[in-house]
1. Would you mind finding the one in 86, 67, 95 that is at pLDDT below 95 and touching a strand residue (DSSP E or B) at 6+ places or on another chain (Cβ under 9 Å)?
2. Condition first: touching a helix residue (DSSP H, G or I) at 6+ places or on another chain (Cβ under 6 Å) and farther than 12 Å from residue 32 by Cα. Now tell me which residues in the stretch 118-153 satisfy that.
3. State which residue is farthest from residue 38 (Cα to Cα) when the search covers only the stretch 60-83 and only residues that are in contact with a helix residue (DSSP H, G or I) (Cβ under 7 Å, 6 or more places away or on another chain) and surrounded by fewer than 18 Cβ atoms within 10 Å (Cβ to Cβ).
4. Of the conditions (1) touching a residue at least 12 places away in the same chain (Cβ under 8 Å); (2) farther than 17 Å from residue 47 by Cα; (3) surrounded by fewer than 16 Cβ atoms within 10 Å (Cβ to Cβ), residue 98 fails just one. Which one is it?
5. Could you figure out which of (1) in contact (Cβ under 8 Å) with a residue 40 or more places away in the chain; (2) within 22 Å of residue 56 (Cα to Cα); (3) under 13 Å from the mean Cα position of the chain (by Cα) isn't true of residue 144?
6. Return the residue satisfying two criteria in turn: it lies in the stretch 3-59 and is under 15 Å from residue 124 (Cβ atoms), free of Cβ contacts under 8 Å to residues at least 60 places away in the same chain and in contact with a strand residue (DSSP E or B) (Cβ under 8 Å, 6 or more places away or on another chain), and of such residues it is surrounded by the most Cβ atoms within 10 Å (Cβ to Cβ).
7. Tally time: how many residues in the stretch 134-148 are buried (at least 17 other Cβ atoms within 10 Å of the Cβ) and assigned to a helix (DSSP H, G or I)?
8. Tell me whether the stretch 109-117 contains one or more residues that are touching a residue at least 12 places away in the same chain (Cβ under 8 Å), assigned to a loop (DSSP other than H, G, I, E, B) and either under 18 Å from residue 23 (Cα atoms) or touching a helix residue (DSSP H, G or I) at 6+ places or on another chain (Cβ under 9 Å) (or both).
């Protein structure tokens, strides 16, 4: 576990709607970077909807929200449209950024082991430092906890 704060890895990935997004473009705003396993699954949908529902509160704090999964841009486009999501979703199909943030983990379900994204969120301040992280996130109440942390910046 890395001691906080630490410099966030450089993130520049393809995004929903086309083009690329680099987190550095969002500075001096702070950033909530949330990693989620898959588009249009129940927990991921609830999490993305909760971030969208609280987006105005984050904006008032000058905090941008960005989601990342290994899904394709095309999948992200469908997810954003179907769920009316309000934040950019980045596609890390190669998994490089997932590896750098340490969220690509061995998981198990029904006795089978596999690799996947461990639901995780990182609060990155306006100078690009990770100042707080949440790993093995449970969706219920998570966005509210992240908002409370963002209010302390």
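1. 86
2. 139
3. Looking at residues that are in contact with a helix residue (DSSP H, G or I) (Cβ under 7 Å, 6 or more places away or on another chain) and surrounded by fewer than 18 Cβ atoms within 10 Å (Cβ to Cβ), I get 61.
4. It fails just one condition, (3).
5. (3)
6. 26
7. Final tally of qualifying residues: 4.
8. No, the stretch 109-117 has no match at all.
The values are calculated or read from the model by the stated rules, or taken from the named source; none is laboratory data. Predicted, not measured: the structure shown is a model, and the values here were computed from it. When we count neighbours, we look across all protein chains shown, and the Cβ atoms used for this are built from the backbone with ideal geometry, even at glycine.
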